[in-house]
1. Report, please, the projected area of the range A:71-202 averaged over directions, based on the convex hull of its C-alpha atoms, in nm².
2. Which value at 222 nm does chain A reach when only helices count, each DSSP H run of 4 or more adding -39,500 (n - 2.57), with the total divided by all residues and rounded to the nearest 500 deg cm²/dmol?
3. Any aspartates and glutamates with Cα under 18 Å of the A:LYS126 Cα? List them, leaving off those in the same chain fewer than 8 positions away.
4. Run the numbers on the range A:301-414 and let me know its relative contact order in percent, using alpha-carbon pairs under 8 Å that are six or more apart.
5. Quick check on chain A: of the DSSP beta bridges with both residues there, what percent are antiparallel, nearest 5%?
6. Of all the accessible heavy-atom surface of the range A:110-189, with the other protein chains kept in place and a 1.4 Å probe, what percent is carbon and sulfur?
7. Which semi-axis lengths, in whole Å and largest first, follow from the square roots of five times the eigenvalues of the Cα gyration tensor of the range A:275-325?
8. Using per-residue counts of other Cβ atoms within 10 Å, averaged over each peptide, order A:162-169, A:124-131 from highest down.
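The values are calculated or read from the model by the stated rules, or taken from the named source; none is laboratory data. Just so you know, these numbers come straight off a predicted model, no measurement behind them. No Cβ is skipped: glycine too gets one built from the backbone with ideal geometry, and neighbour counts run over all protein chains shown. Side chains are part of the model used for accessible areas, which takes the heavy atoms of the whole protein and leaves out ligands, DNA and RNA. Shrake-Rupley method; radii C 1.70, N 1.55, O 1.52, S 1.80 Å.
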Amino acid sequence: MEVERQQLSVEEEVAILSRGAEDIFPEGELENKIRQAREEGRPLRVKLGVDPTATDLHLGHLIPVLKLRQFQELGHQAVLIIGDYTATVGDPSGRNKARPQLTHEEVLENAKTYTDQLFKILDESKTEVHYNGEWFSKMSFQEVIQLLSRMTLARMLEREDFANRMREQSPISLHELVYPLMQGYDSAMVRADIELGGTDQKFNILVGRDIQREFGQSPQVGICNPILIGIDGTEKMSKSLGNIIGLNDPPNEMFGKTMSIPDELMRMYFEQITPVSLAEIDELMKGIQTGTHHPRDVKRRLAMEVVRRFHGDDAATKAAEEFDRVFAQQELPEDMPEVVLERARLEDGRIWIVRLIVTAQFAGSNAEARRLVQQGAVKIDEETITDDSYDWPARDNAVLRVGRRRFARIRLQD
RNA sequence: GGAGGGGUACCGAAGUGGUCAACCGGGGCAGACUGUAAAUCUGUUGGCGUAGCCUUCGCAGGUUCGAAUCCUGCCCCCUCCA
């Protein structure tokens, strides 16, 4: 890859790195940065900061990471910042209320699983990793004051998220105001040439430029990718909204979730997550409009690309076959979770249907399970059960189905 | 510190002594229709083997036959003044 980079023109390199980016600022500066780095015979230092606030990463987290990998593939220096200190503050970007504050211990616990997942994408051996506690833990109060003096309240309150909260008369805690400064300080500490992030990071990245200037550094260039919309098609992908495709989702689930996104999202997913060329994406999208491609088939391709990226070729092919079998041909999936029933729990060899559903974890309470039965969502061996007092004569290998997509194979055990 | 407003289920929001497990909207779930898409329509949305009970309207007490609703204390948020 690095050899190839030498052969690329600056313009070509800019084009590659701009793919899928919604905002690069200041305009034209990316090109200058690349030129300058070439003259100095060094790679660009490309910063991405992540706060390990959760353990389960999803596709949305990954967009800037994939961008970072692009840089890495072109021989630039990836600088990953684990925000062990920033995470205890909580990024207010795009929020309408303060984030819950995590303890430092919680953050460090999350960090491990977090980086494990990131290094499925990034080349670990070529990534410079910093915890921002490296510098924040050593800062004196005087230095903190010095840092705070770089920002004015007015500028802070101009931000859309804070402005909204002011207008809605909802609280803004002072610690939230510090966050952008911390993130900006990170940029100065690692001497970033480029900082990556979602479009909601624009403000924070701009603050980084100010602080770098303060330290006599040339200010970084920001590259912002769009915020990935979740599978509900309206809100940004976020665990609390339950609209995520998780990195650790098994292939079939990943495939199925991708198939359930609204058509309008296909382009975004293709561009942001898959390596499919822009030309081909255009062709696919045009095909849908002119009717030469069925939207379903294009989405099937997308789902395969997504699964391939995280689980490999074989898994993608299998997931697609499974999907066709279950939903196109209405057959049962090949693999499904097993629910073990101990014979001792049965009464006269029977089990109450509601209990069965709860045992299979398809409902959180008897009442919920009962509702599902009453609504005709429950099938055993494809036969609908509508009587919520039904005692099912348990049989090994039977298939319990709840709703359209949840299946479990029943295993009897002594 | 002073004055006023407010805290209701996943979110928003009604409800000011019983008819309130709490109107309505959004979201979620399920069914119909489909391409497991979107849109639309319908149902459902605290728990308990369903029968009445139990727990829930910021927290803790109190008044009352009866409290989301009244009283007292506490916590938190917003606005104006300082």
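1. 8.9
2. Numbers: 19 runs with 190 residues, N = 414.
So the calculated ellipticity at 222 nm is -13500 deg cm²/dmol.
3. Leaving aside aspartates and glutamates fewer than 8 places away in the same chain, those within reach of A:LYS126 are A:GLU2, A:GLU4, A:GLU73, A:ASP116, A:ASP193, A:GLU195.
4. For the range A:301-414, the relative contact order is 25 percent.
5. Among the beta bridges of chain A, antiparallel pairing accounts for roughly 45 percent.
6. 56
7. Details: eigenvalues 94, 40, 5 Å².
In descending order, the three semi-axes are 22, 14, 5 Å.
8. Going from most to least packed, we get A:124-131, A:162-169.
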